1. Across the range B:258-267, what is the total count of residues that are within 13 Å of chain A (Cβ to nearest Cβ) and either under 16 Å from A:LEU553 (Cα atoms) or surrounded by fewer than 23 Cβ atoms within 10 Å (Cβ to Cβ) (or both)?
2. Among the listed residues B:ILE55, B:ILE46, B:ILE78, identify the single one that is assigned to a helix (DSSP H, G or I) and among the β-branched types (Val, Ile, Thr).
3. So which residues in the range A:353-386 are under 22 Å from A:ASP496 (Cα atoms) and in a helix (DSSP H, G or I), if there are any at all?
4. Test A:LYS564 against the stated conditions and say whether it is facing chain B (nearest Cβ under 7 Å), surrounded by fewer than 17 Cβ atoms within 10 Å (Cβ to Cβ) and within 30 Å of B:GLY291 (Cβ to Cβ).
5. Among the residues of the range A:134-169, write down those that are within 27 Å of the chain's Cα centre (by Cα) and under 16 Å from A:LEU115 (Cα atoms).
6. Here's a check for you: in the range A:387-406, which residue that is in a helix (DSSP H, G or I) and touching a residue at least 60 places away in the same chain (Cβ under 8 Å) is surrounded by the most Cβ atoms within 10 Å (Cβ to Cβ)?
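The values are calculated or read from the model by the stated rules, or taken from the named source; none is laboratory data. Keep in mind it's a predicted model, so treat the numbers as computed, not measured. Quick reminder, even Gly has a Cβ in these numbers, built from the backbone with ideal geometry, and neighbours come from all protein chains shown.
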Amino acid sequence: MNLSTIRNFCIIAHIDHGKSTLADRLLEKTGAIAIRDMRDQVMDQMELERERGITIKAKAVRIFYTAKNQKQYEFNLIDTPGHVDFNYEVSRSLKACEGALLLIDASQGVEAQTLANAFLAFEQKLAVIPVINKIDLPAADIDRCKRQMEESLALDGNEAILASAKEGRGVEDILEAVVQNIPPPSGNLDSPLKGLIFDSMYDPYRGVILFIRIIDGGIQKGCRMKLMSTGSVFDVEEVGIFKPKMEKIDQLSAGEVGYVVANIKEAKEARVGDTITEDGKEALQALPGFQDVLPMVFCGLYPVNGEDFDKLKEALQKLKLSDAALSFVPETSLALSFGFRCGFLGLLHMEIVQERLEREYQLNLIATAPNVIYQVRKTNSETIVVDNPSKLPNITLIEFIEEPYILAKIIVPAEYIGSVMFLCQEKRGIHKNTEFLDSQRALITYELPLAEMVIDFYDKLKSCTKGYASLDYELLDYRASNVVKVDILLNGEVVDALSFIVHEAKAAIRGRAVAEKLKEIIPQQLFEVPIQAAIGGKIIARETIRARRKDVLAKCYGGDITRKRKLLEKQKEGKKRMKNIGQVEIPQEAFMAVLKID
Amino acid sequence: MNPVDGNFKNDTCMETTWNGSEAIHASHIYFHIPFCVSLCQYCDFISFTGKANLIDFYVDKLIEEMDFFPISRSLKTIYFGGGTPSLLEPHHLEKILHAVQNKYHLEGHAEISMESNPETVDFEKLKAYRRCGVTRLSLGAQAFQTNVLQQLGRQHDWHRIQCAFEDARKSGFENINLDIMMGLPFQTSDQFKKTIQEALKLNPDHLSIYALQVEAGTPLSTRIKNGLTLPDDDQVADEYMWVQDILQSNGFDQYEVSNFSKIGKHCRHNWAIWRGDNYIGLGVGAVGTVGTIRYSHRDSLKEFLQIRNGHFSTFLDQEFLPLQTRQVERVMLELRTSQGVLKSNLDFVFQDRQKKTFFEHLISQKYIVQRGDYYVVQPEKFFVLSGILDKII
């Protein structure tokens, strides 16, 4: 293949600006799939992705396009996720590209992730083609979009392609622009193999499937592939491309994107970001690679039924094969016994993992409320990392605690600036800047404790701006902070899985709110259940769940003994979804109570 | 053996199916009379309206069915339940009881109990029932207030109840029960208390006081789906405690969750069932339990009447009760009674660490007390028995 006819690109956009729909149109237009085979949004393979309308794993699809100049081009379209939690995957995907289509919803304009993704593309010196999408919408405001592009991204608004992916408008122009404006890859076919692992997925039958961008040389079946970071060598069993179905090909060459199967059992054996080369014919220098992705949010995951521990372990291991960002270590809780402390990129990532565990592995789980990581300096000068509130050392042993801060960028229509600032202040935010993108929209920048964002920031932001705000964030640093641990006691005993860390100024209010919420969530029991919140030994809130007073079926005659017994058995079965702690039956959602308070 | 003593491990007179040939060790018979003048809003027992013309045939069929159940023991109790058993004319009753005497051995002091609706009986009829041998009459009174009775779909008023009660006394009934409901959607607490006070004025020997259960498929459940609200559990629990107090101070003994009697006037039939005795049920919808078998009649009146040549077995559904199920049922039923459950029958509970801990907690919290060899639920905790049971079964 001639490098000059290859184009590697991706589509970047704020969530819901129509990325997957455009990808579908490009596939359809180039005949990669027949229209009758189209399910909407074919690039989103996982059932969950389709339901949630977001894309989790980047995929690479090869399509062929005959341009107006009559030449045939090989396009490698690399899909990227759209949610703020998955930013790191975007930057990985960009490494495999020379260009990006920057998609902007004509009715929404530039949003926080439009900015964040565009800047990632600029950093990597990609050719960026602006596309204003959804121009068919009545609320479309093309001029405004162009103005925003010019002001906030320094892109020429006149160069933007006007499109409606839904109606297929502008697709031809986009394909031509890819040919004209995105440079072909550079690379040397004759040099030793050098390729970037930009993503991977796990297939239960074939093991790890690597997504590779070849920089130099070529790779084919039988090649002895060497990973430059570890030196380990694998025999290549198959190379191929997605069209969008997997298709074996003979060789992947410099400039191309495709997959490699090489009998790799686990994702950790071949890390994303590593450089591949050929054993015995090594490239001289490895590619820069990626930064490790660090989990930011943690929670405990416990099987409701203790016997499912091994099943949960297996399931997590399997998920981890395809999800490098997920971390987990076994932990024990007095209340919930054996489980795992799991690390996630963010709340959405956490919810997706939890849902997959329950849906794909039929696990019945209890998740504890999410928390961030704290760096604790102890009085003996030792610094420890605490990812579980119940592990926070005794207050007398603590010199100080540092918590992670993020830089949040919020784009919002001007009339909501006040409410956003009010929310950020309430969340202990430090205002950095407010600038107007145009006469109607502002970009507000705040430094915020990540812990505050983990609670309910995103939901509150959406509701206080009627859904108009968009958010992007990045981790800044760790800062000393006056946080304390609040314990929750049921029946006088601390339930470790309900402990949480919170800023001292909010501890009393949150403690009371959680106690009240638990009173709502935990059903009446046979016995009275006192609920207390405490800091150290000091009780800061108390509620009481009164004992249940009536549950018996009044009448029992000879004819309905069987029925009564079955009712009891059913009732017993229903309670199996609850966790027994002491003599208290606690529903699963109680462990998330701290998230559910206003 | 005496089943009341609680050892049921060897009373297996039948293995897995019943074919009508072996002798049955049972001392209690239940006759289901599935006829009513009208159906009550809350009732889900099997009953038919407008079929009174079939009672003659039905009675004959009941008698025929007795042959299918050759009982070897002498009968201690007979119970006519419904439906509305008092739709039976005295000659029907006479015919049935005559057949009982012919086919089985009836003890001299057997209890013969009969449910009745106040509007279906008068002095003459009650006198005739008494003459046939009925010893215990149960009157479905339910409530004092006429509007409440109407809402329930009942056909009488309190005056009718008073008359029926006095007629029953005059006819010689020395054991009369009144059925009263609580937790009704149409009744205030004060109205419920008034009902109890009025009932006490009649000086009944027995009171069955049932908290309303909303059964799926009843007209009442439809009304509740459409927005009719029930009194909350707290209110009903308050009423229950009130009723326990007032009946105790009026000389009643609470011998089961919903049943109160003067000394010696408890319902021996129900007591036997709650204590795990074998019993035979006859008629449409009736259920019986003998050893490891529980059988139930289907609910088609037409099919029942068409059974030919004694082929009753085709009309019965049978359920095998494995040991574990019998253990569970025993605890479930016995804990409903004031006698409680025999310690040794709780072995399966004590063998489970979690259940044992829970049971000990129940004792420490005085939900359950030990009385001799028995564990007994405290009467004030009867009302949360389901929550106790689902953790120990």
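1. 2
2. Details: B:ILE46 fails: assigned to a helix (DSSP H, G or I); B:ILE78 fails: assigned to a helix (DSSP H, G or I).
It is B:ILE55.
3. A:GLN354
4. Numbers: facing chain B (nearest Cβ under 7 Å): yes; surrounded by fewer than 17 Cβ atoms within 10 Å (Cβ to Cβ): no; within 30 Å of B:GLY291 (Cβ to Cβ): yes.
So A:LYS564 does not fit the description; no.
5. So the first thing to find is which residues in the range A:134-169 are within 27 Å of the chain's Cα centre (by Cα), and the list is A:134, A:149, A:152-153, A:165-166.
Residues satisfying the conditions are A:MET149, A:SER152, A:LEU153.
6. Step one: filter the range A:387-406 for residues in a helix (DSSP H, G or I), giving A:389-391, A:395-397.
From the residues that got through so far, the ones that are touching a residue at least 60 places away in the same chain (Cβ under 8 Å) too are A:389-390, A:395.
Values: A:PRO389: 24, A:SER390: 21, A:ILE395: 11.
This residue is A:PRO389.
Residue-wise test of (1) within 13 Å of chain A (Cβ to nearest Cβ); (2) not in a helix (DSSP H, G or I).
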position: B:ALA216; (1), (2): yes, yes
position: B:GLY227; (1), (2): no, yes
position: B:PRO231; (1), (2): yes, yes
position: B:GLN235; (1), (2): yes, no
position: B:ILE246; (1), (2): no, no
position: B:GLY276; (1), (2): yes, yes
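Yes or no, residue by residue, for (1) under 30 Å from A:ARG92 (Cα atoms); (2) under 17 Å from the mean Cα position of the chain (by Cα); (3) not acidic (Asp, Glu):
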position: A:CYS299; (1), (2), (3): yes, yes, yes
position: A:VAL304; (1), (2), (3): no, no, yes
position: A:ASP308; (1), (2), (3): no, no, no
position: A:LYS311; (1), (2), (3): no, no, yes
position: A:LEU319; (1), (2), (3): yes, yes, yes
position: A:PRO330; (1), (2), (3): yes, no, yes
